[in-house]
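These notes are about the structure you will find just below.
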Amino acid sequence: MAAVYPLIFAALLFSVGVYGLLSRRHAVLVLMSIELMLAAVTVNLVTFWAIAGDALLTGQVFALFVMAIGAAEIGVGLAIIMLIYRNRASVNIDDADLMKY
Amino acid sequence: MPVIPLTAQVQWSIPDIPWGAISPELVLFGTGILVLLLETAGPHRLRASALAFLAAAGGAAAGYGLTGEVTWPALLALAGLAQLALTATWRERPRVLSALLSALGIVATLGVVAWQWQTLAGGELLATQSGLADMVAVDGVALFTRVTVLLAALVSIPLGWSYLETRRIHRAEYYPLLLFAAVGMNLLASSQDLLMVFISLEVLSLALYILTGFAKRDLTSQEGALKYFLLGAFSSAILLYGIALSYGIAGTTNIPAVGAAVAAADTPAALAVIAMALLIVGFAFKTALVPFHMWTPDVYQGAPTPVTGFMAAATKAAAFAAFLRIFVGAMGASQWSWIPALWTLAAITMLVGAVLAVVQDDLKRMLGYSAVAHAGYAAIGLIAATREGVSGTLFYLLVYAVMSVGAFGVLSMLERRQRRAVSISDLAGFGKRFPVPAGMLSLFLLSLAGIPGTAGFMGKLAVFRAGVFAGQWVLVVIAVLSSMIAAFFYIRVIRAMFMDDEPDDLETFELEPTPGLSAGLAASAAIIVVLGVWPTVVIDLAEQAAAFAG
């Protein structure tokens, strides 16, 4: 079935996102990895909508919500990263180690 | 409702929206917007307010010209006029007004919840219904959780007021953000659709990320905000992937329909299990179950203390309500697959949370780890997956909300006295000099430990009883063991306050409780004592409330 390809693509995209999140040290790159994960979800939603042929367009509407809320999330996230940068002149998340254990 | 003219080609009708189903959220949200508008009033903002008013008035006039009806921009213009009048008369930013208005909004929302209780549920919580095209459920679980969340938010207003004043970070955004977070939590508790779960979760998270970093010059607060944001967004993405797979299985995002589809025989088992696992991981992050708890102590320590209290209490209540609704309410038929996973998570959560709390020296961080352990206790009712279990968890979360807001409230007083973080050794001799606040802190800690005579004991009794009846006695034994470890570090704090002598070199400032703070703490303490001695009424309510809309 052709629908398998987008699903595999989404799974790969999600995995790339998870890998980036765990391996990157730059806060903005971590943010981008999270965006990749959200993009994978969007692909999944649209694919499942196409398979199910859902008349209510749930998958497509959900995808739009994911994009809009993802953008809002990035707005807040970048604001927090700017705040950190202003005080420490670094956005390396390994430097944020005031609190441990 | 305003009539919107639509072009003829599109067959599109405006759905009949039962606004009553989301009336608490609407009241809260409206109050938040009003408070936000109020913040723009101030001596130097006359020109900006005048422009805003003109824009709103223009919108109202255009609306009247187009439809011949008075439309909602008119309301906006009215608000703008009020705001303009405020700006012209107030010499200072009206913080008192913001706080009072927010408190009033929350009280009004509690009234609306009571109205829903009476009318929509027909005076009986057993009767349940969903509204808004099955997006929102008005049932016992939703209403009970709403009360928990609103109580926590109400107490957080006076606590936040005095704390933020002392730390000189009193910007009026605190109140609207608190209200918006409460909107998200209310909505999460009543989400009947996975789409609503996602949206409300993000609404509350975005507000809480900002509140965590509210002390923006404080490095720990910033760090807490960064960690909370990164891990929160990560967990949202995981949850979302689980939601997408559930949609793939069911072809709809309606929660009961997803539950039925997961249990159906022709559903590929692997897909169902992966979807469920992702949902569990997502919710475990939000409710701070080990091993997805890493953010909790850091965020709780970094956030301004009143925010921590609110976050610990209300977020947990709302996230557990959604957890209960999805797993116990909808996926009850596939218990065999999710109970073992949650059982393991809960067991290690209780043990790890209690053990790591023992080794902490910072009081706030200790309470953060204790919050992790408490998430494990609350999960016992979820794992029991029975009616008693649901009512036990609901009652436990209410009790936990009161004691956690109270404990963090006294802690915020201590921090104001020292102007820095409080470690356990700082507390030496505190009880001898200030018996009343020390006594209150002791009461909250004893209740967290679950000593008989306090509400915490009754809450634990309710969940443990449900666990034993559901045959989960091994889990209950682990919980009792964890409670014993936990009692050790709570009582260590009390011993330091009353037994040890005050250190000579401790630099302190005046301990000056504001009336609002005293009232909030006294009310929390009273609830703890009353529920500890005479919990019947509230437990009965929780038992009635343990029903999900179908």
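From most to least packed by mean Cβ count within 10 Å, the peptides B:401-413, B:339-351 give B:401-413, B:339-351. Remark: the B:Asp362-B:Leu219 segment gains 49.8 nm on full extension, using 0.36 nm per residue and subtracting the alpha carbon distance. Buried accessible surface for the B/A pair, both sides summed and rounded to the nearest 100, is 3600 Å² with a 1.4 Å probe. Counting only protein heavy atoms and a probe of 1.4 Å, the accessible surface of chain B is 70% carbon and sulfur. Modelled spin-label separation between B:Ala257 and B:Val480, with each label point placed 7 Å from Cα along the Cα-to-Cβ direction: 4.6 nm. In straight-distance terms, cross-link reach from B:Lys286 covers every one of the lysines whose alpha-carbon lies under 21 Å from its own, apart from those fewer than eight places away in the same chain; here that gives A:Lys100, B:Lys227, B:Lys316, B:Lys364.
With contacts taken as Cα pairs under 8 Å and at least 6 residues apart, chain B reaches a relative contact order of 15 percent. Apply the a/c threshold of 1.5 to the C-alpha gyration tensor of region B:139-267 and tell me whether it is rounded, prolate or oblate. Cα axes put region B:139-267 in the oblate bin. Our coupling estimate for region B:399-404, obtained by passing each phi through the Karplus curve with A = 6.51, B = -1.76, C = 1.60 and θ = phi - 60°, is 4, 4, 4, 5, 6, 6 Hz, Gly and Pro reported as x.
In the protein assembly as shown, taking the dipole from charged Cβ atoms about the Cα centre, the farthest positive-side position among B:Pro24, B:Leu208, A:Ile69 is held by B:Leu208.
The modelled label-to-label distance for the pair B:Val107/B:Val468, using points 7 Å beyond Cα in the direction of Cβ, is 4.3 nm.
Rounded to two decimals, the Cα-based Rg/Rh of region A:4-100, with Kirkwood Rh, is 1.11.
Counting only DSSP H runs of at least 4 residues, each contributing -39500 (n - 2.57), and dividing by the residue count of the protein assembly as shown, the helix-based mean residue ellipticity at 222 nm comes to -24500 deg cm²/dmol. Hey, quick one: spin label on B:Asp500, modelled 7 Å out along Cα-Cβ, who in region B:344-383 has an amide N within reach, i.e. under 13 Å? Once the point is set 7 Å along Cα→Cβ of B:Asp500, B:360-363 turn out to lie under 13 Å by backbone N, inside region B:344-383. Going by the alpha-carbon gyration tensor, a ≥ b ≥ c the square roots of its eigenvalues, is the protein assembly as shown rounded (a/c under 1.5) or, if a/c is not under 1.5, prolate (a/b greater than b/c) versus oblate? Rounded shape, in that the Cα axes give a/c under 1.5.
Take every Cα pair under 8 Å whose residues are at least 6 apart in sequence, average their separation, divide by the length of chain A, and the relative contact order is 28 percent. Take each residue in A:40-48, count the other chain C-beta atoms within 10 Å of its C-beta, and the mean is 5.
When both region B:464-536 and region B:273-338 are represented by their alpha-carbon centers, they are found 22 Å apart. Model label points for B:Trp19 and B:Val436, set 7 angstrom from Cα along the Cα-to-Cβ axis, are 4.4 nm apart. The mean number of Cβ atoms from other chains found within 10 Å of a Cβ in peptide A:72-82 is 5, as a whole number. Packing order of peptides B:374-381, B:512-519, highest average first: B:374-381, B:512-519 (average count of other Cβ atoms within 10 Å over each peptide's residues). Mean per-residue shielding of peptide A:62-68 is 4, counting Cβ atoms of other chains within 10 Å of each Cβ. The stretch between B:Val533 and B:Ala341 holds 65.6 nm of extra length on full extension. This uses 0.36 nm per residue minus the Cα-Cα distance.
Summed over the residues of the protein assembly as shown and divided among them, the accessible surface reaches 39 Å² per residue at a probe radius of 1.4 Å. Checking the a/c ratio against 1.5 first, then a/b against b/c, what shape does the Cα gyration tensor give for chain B? Oblate, because a/c is 1.5 or more while a/b does not exceed b/c.
The values are calculated or read from the model by the stated rules, or taken from the named source; none is laboratory data. All values derive from a computational prediction rather than experimental measurement. Glycine gets a Cβ as well: all are built from the backbone with ideal geometry, and neighbour counts include every protein chain shown. Note: accessible area is taken over every heavy atom of the protein model, side chains too, but ligands, DNA and RNA are not part of it. Shrake-Rupley method; radii C 1.70, N 1.55, O 1.52, S 1.80 Å.
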